[in-house]
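What follows is a short report on a single structure.
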Amino acid sequence: MSYISTTDTQKKQMLDVCGVDSIKKLFADIPPELQPKSFALPGGKSEFELHSFFQQLASKNYSHLVNFLGGGFYDHFIPAAIDALVSRSEFYTAYTPYQPELSQGTLQAIYEYQSDICRLTGLDIANASLYDGGTALFEACQMAISATGRRKIVMDGGVNPIYRKMINSYAANLSIELVDISVSHGQSDRDAIFKAIDDKTAIVLLQNPNFFGVIDDHSDIVNQCHEKGILAVQSVYPVAMALLKTPGEQGFDIATGEGQSLGLPLSFGGPYLGFMSVRKELARKMPGRVVARTTDTQNREGFVLSLQAREQHIRREKATSNICSNEALCALRAHMYLSLIGKEGFKEVASLCYNKANYAKERIKGIPGVEVMETSPTFNEFTIKLPMDAAECAGKLIDLGFAAGFPLGRYYKGMENYLLIAITEKRTKFEIGRLAEALEAVVCQ
Amino acid sequence: MVPADRKYAKTHEWVKIEGNLAVVGISDHAQDSLGDITFVDLPKPGAQVRGGSECAVIESVKAAGDLYSPVSGKIAEINESLETVPEKINTDPYGEGWIIKIKDFNAAEFDNLLDAAAYENFLESEA
Amino acid sequence: MSIIFKKSVPGRKGVQLPECDVPVLKKIDSKYLRSEDAQLCELSELDIVRHFTGLSRKNYGVDTNFYPLGSCTMKYNPKITEKIAALDGFSSLHPLLPQLRRGGSLTQGALSVIYELEQQLCEITGMDAFTTHPLAGAHGELTGMMLIAAYHKKKGNNKKVVIIPDEAHGTNPSSASIAGFEIRSVPTGENGRIDLEKLIPMIDQNTAAIMMTNPNTLGLFNPDIKKIANAAHAFDAMLYYDGANLNAILGKFRPGDADFDVIHVNLHKTFATPHGGGGPGAGPVGVKKHLEQFLPISRVAKRTDGIYALEYNYPDSIGYIAPFYGNFSVCLKAYAYILNLGAQGLIDVSENAVLNANYVFHSLKHYYEVPYPGTCMHECVFSARKQTENGVHALDIAKALIDKGMHPPTVYFPLIVKEALMVEPTETESKETLDTFIAAMIEIAHRAESEPQVFSDFPKTTPVSRLDETKAVKNMDFSYIT
């Protein structure tokens, strides 16, 4: 099935107009020696066969486990209205809104999304989206390098280790100095950070809540940065922004984050949504598209892509970023989510996550041999220390029906016995209780 | 008409000598092809510039152009009013729309630039 | 349509959340709390449904009508792939789940999608190995450039320069630059292909790579590609294939057969995943054997017992370039599309894409200037230079077409064509649709002569007329302030 509607008779009429007698002749520019050496693909499948095939594949995935896995990617509730609205094909079969008169729907929605992100993060200007939280954080680094002319990046150990690995890859050929600072008692280590930052430092990368779920107020670090002409970026979990001090309130220059929790399914890693907001002064250094509100020839309100002279299609090798396609439809989902959940609902979601996580800590604390790390306050995710290898423990809990958490040994040396547990508003008291019982059964075996 | 009191680079900048300073802007042709200018990213006074290398960026709605300094020297002054009224480059490219002034500039480089007639010929050959 | 925040009514709710079923044990210390609530809107579900339905009606997609946006391959997106991507076994799958039991035994279905898609992309493009990780076309270019940098580093080559034709997409020079390379631009010759006489002497010890799009952005295939590959390889420079225009060559030409070393493909173009108003896309990258060891981690391997496993032990890998395995659900839709069409279906795609483009080209060539004559591939480029003599520009023609109920072609790209109009009809459009478009374009060409003065008022049928973009840049109103 090729979804082609041209009949053989029509093909002949069209070839006549082209002045050739076969389609083959239209490919005459491809020399015979460059004909494909092979094109061994299977024959096509009907829609019905295709669906059965993928149903079978889908059933091989353990998506039915009760999910306590987080690590920056969470199993949140997604209102049904989002799927219904986002699947309006006027949205999802549109291209980038280059012709504003035909794209006011996408453009206004993105403008509203940008406003949401500014409101969440307490900063002035947000862009129309980036690929994910990790690439957004690297874009923040690039901005800082361009704004300061310096090439040293200081990364807090509480920043998602996956993001730090990504930044390591991207920086490999760019003569950038990367400095990793380990956390102290789960929190940003002030002394170590202050020692590391100097007049060569472009930016300091922080995260709130950090990878261990720990809440912080980084105002003191931001102040020190600014005294030395250094920019500071905070990668944030957007749901926590319902309650926690915003990056803007802490004085950050840039906020970034992963928007998956705002109405996007987990989908085995993507598509996700990188968001970014900045202080007004950094607007022209910002990567990616941005939508502006303006007026038309009859003075009616309308929306357009703006500040395009920063972008790759105009500035080519001198652009602020190479991003072209972004995650527009994911941004639309996030905007729909925030609109549906609303001002009060958003606080409720955050409070549910926080309160249930505290309850889970309390339940797990009672298990002999298991220690809950509590030296610093946490939000919806927390670390426990097990009397056994955490990966082994999590493996056993699979058989009891749980994705119990993330074994930290994978990214942090010496933390092989630590498990990171995430709680969302979807987890019930009953499920949390069952997890605690299952955990007890496994560790006391 | 291209003013005859100054010299031109093939990258469409003009240079006019005022006392010991070389004043630099872009030609009417250049501003016209950029369209409505919305932003100028100016260098810092005191910065060294090299002849033929980029020293500022001029942005319009749908284009961006580099300003190549026609002569080497040191930035003596920048036209700060362009930060708020960049469209001066559109309305008065040869006067109020000047962009930078260079001191201690390389006079030999200035001599090698096109005069008004040569620049006009160059524009015609490009069209 | 009023901005959503203006419609907000204090106290109104759109979603009901469950009661808190656990005791509240503590509160967050006030020093960590924000001083005031995030000002999200307060609306009912129906308010929101009406708002977004209203917005959708001010939008235009492939499902609305013809969308001949050059370089974007706006083909029909089959609905079945959406249904597949929504299957709970895929959409609810946590990406860290494979970490919980060795080798990803919990996610065999998902890993098979990645592995098998990579295999099929290898076969389609003639490459040896693929990664699905890059999250968009430009991200694929960046990944490809990072692979090339890693290759040269490993070999001890000190190469800094990437050569790119002047007609290339802006992402090419931008991606290469972000990967740490210097860019040299090579001009296009009179036949609309890269100028070989200028290119060959540019290639030297310093050349790390040459990036090419073939067919290029003028819609023209370069038959000299082997010569270019040989010239590049003589200096150990890598040849990069920008797969943006892959829709022209399925089953007709495989970049791997012409000795390209690296390629990215845009799944949201050739493989029919919807573009979503700007994204998400996906830009898998393929390489030849000599670059495979540098591919990003993780990689999916298929063991002899048929089990798929995630592997991380590649010491020369460039590392992580995405948090997980790419835009998985986009990859899933593309894989479903490939299985749906099969070998012959894919060949039909390119044959009809090229037929449609040539049909438009030959039907309009007497009305619009043709900068580079000859047979085009999947897209054709006109210039509105003739019309500008009457003051009618490419942009005016685009806006006139909007009033005819159609999306305009790409305008002002490629940059080397003055007043460019770049038409990519795609294979899924019927002859009837193309004829309607051709008739509209001819009428517009006539009108540009008879009544050029009316064009500046177009479009008139849209919710807004032309917008003040200068004001937009100057005011920088990017966020609604209540």
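Just so you know, all these numbers are worked out from the coordinates, no wet-lab data involved. Here the structure is a predicted model, which is why all the values come from computation and not from measurement. Positions of Cβ are generated from backbone atoms using ideal geometry, with glycine treated the same way; all protein chains shown enter the neighbour counts.
For chain A, a Gaussian network of Cα nodes joined below 10 Å ranks A:Gly71, A:Gly345, A:Gly259 by mean-square fluctuation, and the top entry is A:Gly345. Judged by the gyration tensor of its Cα atoms, with axes a ≥ b ≥ c, the range C:81-339 is prolate; a/c meets the 1.5 cut and a/b is the larger of a/b and b/c. Within straight-line reach of C:Lys418, meaning a Cα separation under 18 Å, sit the following aspartates and glutamates at least 8 residues removed in sequence or on another chain: B:Asp32, B:Glu124, B:Glu126, C:Asp166, C:Glu167, C:Glu190, C:Glu369, C:Glu379, C:Glu389, C:Asp396. With respect to chain A, whose longest principal axis is taken over its alpha-carbon atoms, helix A:133-148 is tilted by about 90°. Neighbour counts of C-beta atoms inside 10 Å place C:Ile442, C:Ile163 in the sequence C:Ile442, C:Ile163, starting with the fewest.
In order along the range A:199-205, the Karplus-derived 3J(HN,Hα) couplings, from 6.51 cos²θ - 1.76 cosθ + 1.60 at θ = phi - 60°, round to 6, 9, 7, 8, 7, 10, 9 Hz, and Gly and Pro are given as x. For chain A, modelled as a Gaussian network with Cα springs under 10 Å, which listed residue fluctuates most, A:Ile254, A:Ile82, A:Ile421? Sorting by GNM fluctuation, first place goes to A:Ile82. Taking the centroid of alpha carbons for each part, the range C:45-70 and the range A:319-392 are 33 Å apart. Beta bridges from DSSP with both residues in the range C:81-339: antiparallel share about 40 percent, rounded to the nearest 5. Diffusion coefficient of the protein assembly as shown by Stokes-Einstein, Kirkwood radius over Cα pairs, 25 °C, 0.890 mPa s: 82 µm²/s. Here chain A is treated with +1 on each Lys and Arg Cβ and -1 on each Asp and Glu Cβ, and its dipole about the Cα centre works out to around 520 debye. Among C:Glu45, C:Glu182, C:Glu197, the ranking by other beta carbons within 10 Å of each residue's beta carbon, starting with the fewest, stands as C:Glu197, C:Glu182, C:Glu45. Counting neighbouring beta carbons within 10 Å and listing from fewest to most, the residues A:Phe48, B:Phe122, C:Phe253, A:Phe275 come out as A:Phe48, B:Phe122, C:Phe253, A:Phe275. A cysteine counts as unpartnered when no other cysteine's C-beta lies under 4.7 Å of its own; in chain C this applies to C:Cys20, C:Cys41, C:Cys72, C:Cys122, C:Cys331.
Positive contributions from Lys and Arg (+1) and negative ones from Asp and Glu (-1), summed over other residues with Cβ under 11 Å from the Cβ of A:Lys200, come out at +1. For C:Lys27, the lysines whose Cα falls under 26 Å of its own Cα, not counting residues fewer than eight places away in the same chain, are A:Lys245, A:Lys343, A:Lys347, A:Lys356, A:Lys361, A:Lys365, A:Lys385, A:Lys426, A:Lys429, C:Lys13. Rounded to the nearest 20, the size of the Cβ-charge dipole of the range C:343-469 about its Cα centre is 240 debye, with Lys and Arg at +1 and Asp and Glu at -1. Within the shell of other residues whose beta carbon sits under 10 angstrom from the beta carbon of A:Ala422, the net charge comes to -1, with Lys and Arg scored +1 and Asp and Glu -1.
Ranking B:Gly51, B:Ala117, B:Ala64 by Cα position along the charge dipole of chain B, where only Lys, Arg, Asp and Glu carry charges on their C-beta atoms, puts B:Gly51 farthest toward the positive end. Ranking C:Ala176, C:Ala150, C:Ile163 by how far each Cα lies toward the positive end of the dipole of the range C:126-182 (charges on Cβ) leaves C:Ala150 at the top.
Out of every Cα-Cα pair that the range C:343-469 contains, those further apart than 18 angstrom amount to 53 percent.
Amide H contacts of B:Ile26: B:Trp14, each under 5 Å away and 5 or more positions distant or on a separate chain (H built 1.01 Å from N in the peptide plane; Pro and chain starts excluded). So for the protein assembly as shown: antiparallel DSSP bridges make up what percent, rounded to the nearest 5? If I count the DSSP bridges inside the protein assembly as shown, around 65 percent turn out antiparallel.
Taking the charge dipole of chain C about its Cα centre, with +1 at Lys and Arg Cβ atoms and -1 at Asp and Glu Cβ atoms, the residue from C:Pro223, C:Thr375, C:Val473 reaching farthest to the positive side is C:Val473. Backbone geometry of the range A:167-184 corresponds, through the Karplus equation with coefficients 6.51, -1.76 and 1.60 at θ = phi - 60°, to 3J(HN,Hα) couplings of 5, 4, 5, 5, 7, 3, 10, 10, 6, 9, 8, 10, 10, 9, 10, 5, 6, 10 Hz, x marking Gly and Pro. Backbone amide hydrogens, once placed in the peptide plane, bring C:Met238 within less than 5 Å of C:Ala209, C:Ile210, excluding anything fewer than 5 places away on its chain. Under the convention that each Lys and Arg Cβ holds +1 and each Asp and Glu Cβ holds -1, the size of the dipole of the protein assembly as shown around its Cα centre is about 1980 debye. Among beta bridges identified by DSSP and lying wholly in the range A:163-300, the antiparallel ones come to about 40 percent. For A:Lys25, list the lysines whose Cα falls under 17 Å from its own Cα; do not include residues on the same chain fewer than 8 positions away. Counting by Cα, and skipping residues close in sequence, A:Lys25 has these lysines nearby: A:Lys11, A:Lys12, C:Lys252. A helix-only calculation puts the protein assembly as shown at -10500 deg cm²/dmol for mean residue ellipticity at 222 nm, using -39500 (n - 2.57) for each DSSP H run of at least four residues, averaged over all residues. Around the amide H of A:Ser2, modelled in the peptide plane, lies no amide H under 5 Å away from a residue 5 or more places distant or on another chain. Computed from phi, the 3J(HN,Hα) profile of the range C:48-63 under the Karplus parametrisation 6.51, -1.76, 1.60 (θ = phi - 60°) reads 6, 4, 5, 4, 6, 5, x, 4, 4, 6, 9, 10, 9, x, 4, 5 Hz, with x in place of Gly and Pro. When restricted to Cα atoms, chain B yields an Rg and a Dmax of 13.3, 37 Å, respectively. Of the residues A:Leu15, A:Leu231, A:Leu178, the one that moves most in a GNM of chain A with alpha-carbon contacts below 10 Å is A:Leu15. Rounded, prolate or oblate: which one fits chain C, using the alpha carbon gyration tensor with axes a ≥ b ≥ c (rounded when a/c is under 1.5, else prolate when a/b beats b/c, else oblate)? Judged from the Cα gyration tensor, chain C comes out oblate (a/c at least 1.5, b/c at or above a/b).
With respect to chain A, whose longest principal axis is taken over its alpha-carbon atoms, helix A:47-59 is tilted by about 10°.
Other residues lying with their Cβ under 13 Å from the Cβ of C:Leu100 contribute a combined charge of +1, Lys and Arg counting +1, Asp and Glu -1.
Taking a ≥ b ≥ c as the square roots of the Cα gyration tensor eigenvalues, with a/c under 1.5 meaning rounded and otherwise prolate when a/b beats b/c, else oblate, which class fits the range A:196-290? The shape class here is prolate.
Between C:Asp128 and A:Asp21, the C-beta separation translates, for a Förster distance of 60 Å, into a calculated FRET efficiency of about 0.95.
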